[in-house]
Amino acid sequence: MKESRQTFLNLFFILWLLLLLKTASSSPLPHGKDPRAPSLPFGLYKGHTCVGCVLVVSVIEQLAQWHNSTVKAAVERLCDYIPEKLQGFCYVLAELYGPHIAELIDREMNADVVCHSLRLCKQDPGQPLCHLYSPPKVGLSVAIRKAKRIMKTSKDLKSFMGFSSVCTFPLLANLCEKIKYVLRNKVPFEDFDGDKFSTFPTLRGYHWRGRDCNDKNTTVYPGRRPDNWDAKGDSNCNGIWGVDPKDGIPYEEKFCKGADSRGVVLLGDSAGAHFHIPPEWMTVTQMSAKSFSNLPMAFSDEFDWPQFSEITGFLNSTIGGWTDSLYLRLRKRNRCNHRDLQNISQNGGSSGNLLSLIKSLARNQLLDNPAIVIYATIGNDVCNGERDTLAHMTTPKEMLSNVVQALQYLDSRLPNGSHVILTGLVDGRFLWDNLHDRYHPLGQLNKDVTYSQLYSFLDCLQVSPCSGWLTPNETLRNLTSERALQLSNVLKEIARSEKFANFDIFYMDFPLRQSSSLGWTISVPQPLHQAGAPALATLGPLPDSLNVYIQRVVYNN
């Protein structure tokens, strides 16, 4: 029984990984003009596939160099580092590509040449050959032609690209469809009663929303107003229920009546979801089996760590210090708020695609407590990977329409007495200023890859997380910030002029505080999450300004 469960878990994580990468890599680049929900077209998007290939081949090459081993041994070492649940997938890829990679690296072909020869990197007609590393002495084109002659075949690649056929098997079809549904709609994979809360941590489970305490009863979930003061059971999952035998008063009534209990809801992007790629995954001098221990969890949370988020985080962070979140601060003030959190964020979230994402909100206007909603799409309305990035930014008119529509939806769902805080966009010029001349983790060993080189590579592939800010073009960086300010002013005006029946609305500027950890926040593979805005989630603990703002506006202190 134990062996069959392990086999299922191995299969599940492989399918989840492949479908996650398929969704992230093949969806259109999100921006304000595209309010549609993330789609799942078949086929791997060439730019993201190229980035992934160059990253993996670089790590293999550097592992061989660092441990003074053969390339074959380096591939085996990398698979051994990966947790058991994903090792099967690693060994399959190693069998398919390992011999070809080893042969080319042994002939001193760099990662760019290897990935182009494997046809995992492609060149559009009339477009330059994209590369991360300095071209070989003979030139990149000549080296690629030579490598293709050595390769002679791409049948293995075609077999892997045909992965979509796997989901046609009867035993896998239902599982594939359910995974697709979760990825598209951002609801828990495991939710037996359908209330959008789960007892499972990842796969949009309780890392993202408060943990369900009864997944067989749709009337029991975090955030609900207590049923008859929870004298007989814990209807809102805050752990407070029963009757005090001394006076016969329910504990929930005794402790929580008049306490103004409120939940915390975040509507955001990769920053709110706390997107993070650990640098040790790409730094061979720090790499070990321990480095990848959280890999299955990271995959099944879409490379996000919402449990550490600065708004909804509830666990002590393992990737940047102690968690200091708005939820934890409100919970400390009022224990009745326990578990009442929802992180409704997605990598690449913008004011446009948030119109679909917001429908996964779990709030009953009649039965639940009010909520404090943070609306924080801080960059994707100006960030995109388009060659003409300015033309694809959200306009002030579109921003006004998108945000007002979202607020109208919230007004139809939030209980009376709720609060909505609109957060302005970030000024991302500091990214280039602080990072462009630093070495990226892939360049640490040989001092051969700076962030500037990485930005150029991603921009060439049209998968840059923000081609308007991650560019040497100072004029473009300034114009991007100018548009971000215009959109922030739209949010400010909405907060000033719009009125809603069930909540007050406020505006605050994005509380940016730079941190030394920022360099790792956008290390790579940002394009693996739909080329969203540069993640800013690890800038440090919750700014005091937001805490003071909540205390003053919400609790009238």
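The values are calculated or read from the model by the stated rules, or taken from the named source; none is laboratory data. It should be emphasised that the depicted structure is a prediction, and the values quoted were computed from it without experimental measurement. As a convention, Cβ positions derive from the backbone with ideal geometry for all residues, glycine included, and neighbour counts pool all protein chains shown. The area values use the complete protein model at the heavy-atom level, side chains included, leaving out ligands, DNA and RNA. Shrake-Rupley method; radii C 1.70, N 1.55, O 1.52, S 1.80 Å.
Exactly one residue out of 339, 335, 331 is open to solvent by 50 Å² or more (accessible area, probe 1.4 Å), of a type outside the set (A, V, I, L, M, F, W, C) and out of contact with any Gly (no Cβ under 9 Å at 6 or more places or on another chain): that is 331. Taken together, the residues in region 59-103 that are more than 21 Å from residue 118 (Cβ to Cβ), polar (S, T, N, Q) and not in a helix (DSSP H, G or I) amount to 2.
So, residue 381, is that one of a type in the set (Asp, Glu) and buried (at least 24 other Cβ atoms within 10 Å of the Cβ) or not? The answer is yes for residue 381. Here residue 424 meets each of (1) in contact with a Phe, Trp or Tyr (Cβ under 6 Å, 6 or more places away or on another chain); (2) crowded, with 24+ Cβ neighbours inside 10 Å with one exception, condition (2).
The requirement of being touching a residue at least 40 places away in the same chain (Cβ under 8 Å), open to solvent by 30 Å² or more (accessible area, probe 1.4 Å) and not assigned by the TED database to the domain that holds residue 280 is satisfied by residue 107. Contact map, region 213-234: residues that are part of a loop (DSSP other than H, G, I, E, B) paired with residues that are of a type in the set (Lys, Arg) and open to solvent by 60 Å² or more (accessible area, probe 1.4 Å), Cβ distance under 7 Å, separation 6+ or inter-chain. Pairs shown: 222/339.
So that you can scan it fast, the table gives a plain yes or no per residue for (1) assigned to a strand (DSSP E or B); (2) touching a residue at least 60 places away in the same chain (Cβ under 8 Å); (3) over 23 Å from the mean Cα position of the chain (by Cα):
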position: 401; (1), (2), (3): no, no, yes
position: 409; (1), (2), (3): no, no, yes
position: 437; (1), (2), (3): no, no, yes
position: 468; (1), (2), (3): no, yes, no
position: 476; (1), (2), (3): no, yes, yes
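Check whether at least one residue in region 411-422 is assigned to a loop (DSSP other than H, G, I, E, B) and over 30 Å from residue 261 (Cβ atoms), and report yes or no. Before the answer, list the steps.
Of the residues in region 411-422, the ones assigned to a loop (DSSP other than H, G, I, E, B) are 412-417.
Subset that is over 30 Å from residue 261 (Cβ atoms): none.
No; the residues of region 411-422 include none that is assigned to a loop (DSSP other than H, G, I, E, B) and over 30 Å from residue 261 (Cβ atoms).
Reported count of residues in region 353-368, each being surrounded by 23 or more Cβ atoms within 10 Å (Cβ to Cβ) and in a loop (DSSP other than H, G, I, E, B), is 1. The set of residues in region 48-72 that are closer than 17 Å to residue 134 by Cα and either open to solvent by 70 Å² or more (accessible area, probe 1.4 Å) or of a type in the set (S, T, N, Q) (or both) comprises 58, 62.
Being basic (Lys, Arg), under 30 Å from residue 79 (Cα atoms) and open to solvent by 50 Å² or more (accessible area, probe 1.4 Å) is true of residue 290.
Among the residues of region 136-176, how many are modelled with pLDDT of 75 or more, surrounded by fewer than 16 Cβ atoms within 10 Å (Cβ to Cβ) and of a type outside the set (A, V, I, L, M)?
So the first thing to find is which residues in region 136-176 are modelled with pLDDT of 75 or more, and the list is 136-151, 173-176.
Still in the list and also surrounded by fewer than 16 Cβ atoms within 10 Å (Cβ to Cβ): 137-139, 141-142, 145, 149-150, 173-174.
If we keep only those that are of a type outside the set (A, V, I, L, M) too, we end up with 137, 139, 141, 145, 149, 174.
Number satisfying all stated conditions: 6.
For first residues located in region 296-325 and touching a residue at least 24 places away in the same chain (Cβ under 8 Å), partners that are open to solvent by 10 Å² or more (accessible area, probe 1.4 Å) and of a type in the set (Asp, Glu) and lie 6+ apart or on another chain with Cβ distances below 7 Å form the pairs 325/310.
Of all residues in region 309-322, those being under 17 Å from residue 202 (Cβ atoms) and either at pLDDT 90 or above or not hydrophobic (A, V, I, L, M, F, W, C) (or both) number 7.
When 196, 216 are checked against the criterion of being open to solvent by 50 Å² or more (accessible area, probe 1.4 Å), of a type in the set (Lys, Arg), under 28 Å from residue 356 (Cα atoms) and more than 27 Å from the chain's Cα centre (by Cα), 216 stands alone in meeting it. For beta carbons closer than 9 Å, sequence separation of 6+ or different chains, a first residue in region 360-379 that is under 24 Å from residue 227 (Cα atoms) and outside the structural domain of residue 422 (by the TED database) and a second that is at pLDDT below 95 and surrounded by fewer than 24 Cβ atoms within 10 Å (Cβ to Cβ), there are no qualifying pairs. The residue that is most open to solvent (accessible area, probe 1.4 Å), among those in region 473-527 that are at pLDDT 95 or above and β-branched (Val, Ile, Thr), is 475. Only one of the numbered conditions (1) basic (Lys, Arg); (2) under 24 Å from the mean Cα position of the chain (by Cα); (3) within 30 Å of residue 225 (Cβ to Cβ) is not met by residue 387, and that is (3). Here residue 423 fits the description: in contact (Cβ under 8 Å) with a residue 60 or more places away in the chain and farther than 30 Å from residue 63 by Cα. Could you grab me the full set of residues in region 392-415 that are open to solvent by 10 Å² or more (accessible area, probe 1.4 Å) and within 12 Å of residue 354 (Cβ to Cβ)? Passing the criteria: 402, 405, 409. For region 237-287, name all the residues that are in a loop (DSSP other than H, G, I, E, B), open to solvent by 60 Å² or more (accessible area, probe 1.4 Å) and at negative phi. Answer for region 237-287, where residues must be in a loop (DSSP other than H, G, I, E, B), open to solvent by 60 Å² or more (accessible area, probe 1.4 Å) and at negative phi: 241, 245, 246, 247, 249, 257.
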